[in-house]
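Colleague: One structure follows; several queries about it will come next.
The values are calculated or read from the model by the stated rules, or taken from the named source; none is laboratory data. All figures in this text were calculated on a predicted structure; none of them were measured in a lab. Here the Cβ is made from the backbone with ideal geometry for all residues, glycine too, and neighbour counts use every protein chain on show.
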Amino acid sequence: MTNHETIVTRATDSDLDGILELQAENQAARGGSLSASLPRSRVMDMMKEMPLIVSRRGERVTAFLMTTSRAMNADLPIVQAMFAAYHGAPDAYVYGPICVGEQERGKGLAQKLFADLRRLEPGREGVLFIRTDNEASLRAHLKMGMKEVAGFSFNGSDYAVFSYIG
């Protein structure tokens, strides 16, 4: 493998630092569009419970797609607001966040991460939210075949709820 190849795969413990670094680089306070910063312990628990998909170029994490059970993030008020707006199937899981590094955008990585997730979680419903002013993310998720099913407001921002069946 050369440093020019991009590999999409399920994350391992060795990816954790790269995931956290990419998450930090894409926080709203730094000009990014991520709505939350998840601590290391939460990301580790998420990796054990459900697929966390990454892309790597060499050893560097260039994108990630997190998923969790409904129960794991039930303590997060924004997730509570999403499921109040759209309940979803009893075994529905939370899709996201998804983050593609700035230098990797526009190369179809989000779609590749999503395809790998669907392969790992066939037939299950995924539910996610996107800020309505994040036009790039809205377009990308519609392009992936997801459907807008509801909306809600949280902390002064409006969100669209999307759903899909893996």
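Colleague: Answer yes or no as to whether Ala160 is more than 22 Å from Gln27 (Cβ to Cβ) and either in contact with a helix residue (DSSP H, G or I) (Cβ under 9 Å, 6 or more places away or on another chain) or among the aliphatic types (A, V, I, L, M) (or both).
Modeller: Judged against the criteria, Ala160 is not a match.
Colleague: Moving on to the next point. What's the number of the only condition in (1) touching a Phe, Trp or Tyr at 6+ places or on another chain (Cβ under 8 Å); (2) more than 21 Å from Gly31 (Cα to Cα) that Arg57 fails to meet?
Modeller: Condition not satisfied by Arg57: (1).
Colleague: What are the residue pairs meeting all of these: first residue in the range 1-16, first residue over 23 Å from Leu38 (Cβ atoms), second residue assigned to a loop (DSSP other than H, G, I, E, B) and at pLDDT 85 or above, Cβ atoms under 6 Å, and 6 or more apart or on different chains?
Modeller: Close Cβ pairs satisfying both conditions: Asn3/Gly58.
Colleague: Okay, next question. If Leu128 satisfies all but one of (1) touching a Pro at 6+ places or on another chain (Cβ under 9 Å); (2) over 28 Å from Thr6 (Cβ atoms), what's the number of the condition it fails?
Modeller: Among (1) touching a Pro at 6+ places or on another chain (Cβ under 9 Å); (2) over 28 Å from Thr6 (Cβ atoms), Leu128 violates only (2).
Colleague: Filter the range 60-76 for residues that are touching a residue at least 24 places away in the same chain (Cβ under 8 Å) and among the charged types (D, E, K, R) and give the result.
Modeller: Arg60, Arg70
Colleague: Search the range 132-147 for residues that are more than 15 Å from Leu109 (Cβ to Cβ) and pair each with any residue that is loosely packed, with under 14 Cβ neighbours inside 10 Å and among the charged types (D, E, K, R) when their beta-carbon atoms are under 7 Å apart and the residues are at least 6 apart or on different chains.
Modeller: Correct list of pairs: Thr132/Asp158.
Colleague: Related question: Tell me which residues, restricted to the range 28-57, are outside any loop (DSSP other than H, G, I, E, B), modelled with pLDDT under 90 and under 15 Å from the mean Cα position of the chain (by Cα).
Modeller: Leu34 - this is the single residue of the range 28-57 that is outside any loop (DSSP other than H, G, I, E, B), modelled with pLDDT under 90 and under 15 Å from the mean Cα position of the chain (by Cα).
Colleague: Right, another one. Mind counting the residues in the range 28-55 that are within 18 Å of Ala136 (Cα to Cα) and exposed (fewer than 14 other Cβ atoms within 10 Å of the Cβ)?
Modeller: Here the count works out to 3.
Colleague: Another question about this same structure. Report yes if Ala24 is modelled with pLDDT of 95 or more, under 24 Å from Ala136 (Cβ atoms), of a type outside the set (D, E, K, R) and assigned to a helix (DSSP H, G or I), otherwise no.
Modeller: When the stated conditions are applied, Ala24 does not pass them.
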